[in-house]
Amino acid sequence: MMTDADAREGEIALDVPPLADDAGIAFIGHIASSWKNRSECPRNIRQARERGGWSRLCVAAPFRPALNGLAVGQPIVVLYWLGEARRDLIMQRPRHRETATGTFNLRSPVRPNPIGLAVTTIRSLDALEGVLEIDPLDCVDGTALLDIKPWLESIDLPHGFTPAG
C-alpha cells in the first residue's frame, strides 16, 4: 500500500487493493527482452525502439497452434501482464506532468489491472518453437504474455481518424 511519503501531490490511492476474483487469466507464454530489470527498462515503447533493444514472444507449447495464420511483417497487438506494477493508484502525477490526472488517462503500468498493450510488427516467426521476434517492448525479461491479436486497420483505427503521412 502507498504511504503519504510515497505520494506525489494530487495522487490518490485506493484504501484497499482491487479485487481479483472476477476473472481468470491464462498466461500463454512470456516475453524475452533485453531489459533485465525495472531500473533499466524503458518507460514506453518509443524509448525501447530508440534505445535499440530487442523482444521475443515465447509462446508455450499448448498455445502454439494458435499462431497459425500469422506472418512476418504483420502488425500485431500484444497484451502482457506487468506483475511488478502497483495496482492501487487511481490518480497519478507522472514526473513529466504539473498536475495529477486519472489513471485511465495514462499509459502507466500502475493501474487496477496492470495490463500492458503494444502494437508491434512480427520480424520473424518460428511457429513450431513458438517464438516471434518483434520490435522492442517496454517490459522486463520474463514478463507474462497474455494474448496476441492481429492489428487490422479496418477495425483498429478510430472512426473518422486519418493517419498523418
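Is it true that some residue in segment 62-73 is touching a strand residue (DSSP E or B) at 6+ places or on another chain (Cβ under 9 Å), among the polar types (S, T, N, Q) and touching a residue at least 12 places away in the same chain (Cβ under 8 Å)?
no
Is one or more of the residues making up segment 145-153 surrounded by fewer than 14 Cβ atoms within 10 Å (Cβ to Cβ), modelled with pLDDT of 95 or more and among the basic types (Lys, Arg)?
Yes, that holds for at least one residue.
Name the residues in segment 1-33 that are over 27 Å from Ala100 (Cβ atoms), at pLDDT 75 or above, surrounded by fewer than 16 Cβ atoms within 10 Å (Cβ to Cβ) and not hydrophobic (A, V, I, L, M, F, W, C), would you?
Of everything in segment 1-33, just one residue is over 27 Å from Ala100 (Cβ atoms), at pLDDT 75 or above, surrounded by fewer than 16 Cβ atoms within 10 Å (Cβ to Cβ) and not hydrophobic (A, V, I, L, M, F, W, C), namely Gly24.
Keeping to segment 106-133, report how many residues are closer than 17 Å to Asn68 by Cα and not in a loop (DSSP other than H, G, I, E, B).
Going through segment 106-133 one residue at a time, the tally reaches 9.
Of everything in segment 154-165, what is over 25 Å from Glu50 (Cβ atoms) and either modelled with pLDDT of 95 or more or not in a loop (DSSP other than H, G, I, E, B) (or both)? Give them in sequence order.
Answer for segment 154-165, where residues must be over 25 Å from Glu50 (Cβ atoms) and either modelled with pLDDT of 95 or more or not in a loop (DSSP other than H, G, I, E, B) (or both): Ser154, Ile155.
The values are calculated or read from the model by the stated rules, or taken from the named source; none is laboratory data. Worth saying up front: this structure is predicted, and the values here are computed from it rather than measured. Cβ atoms come from the backbone with ideal geometry, glycine included; neighbour counts cover every protein chain shown.
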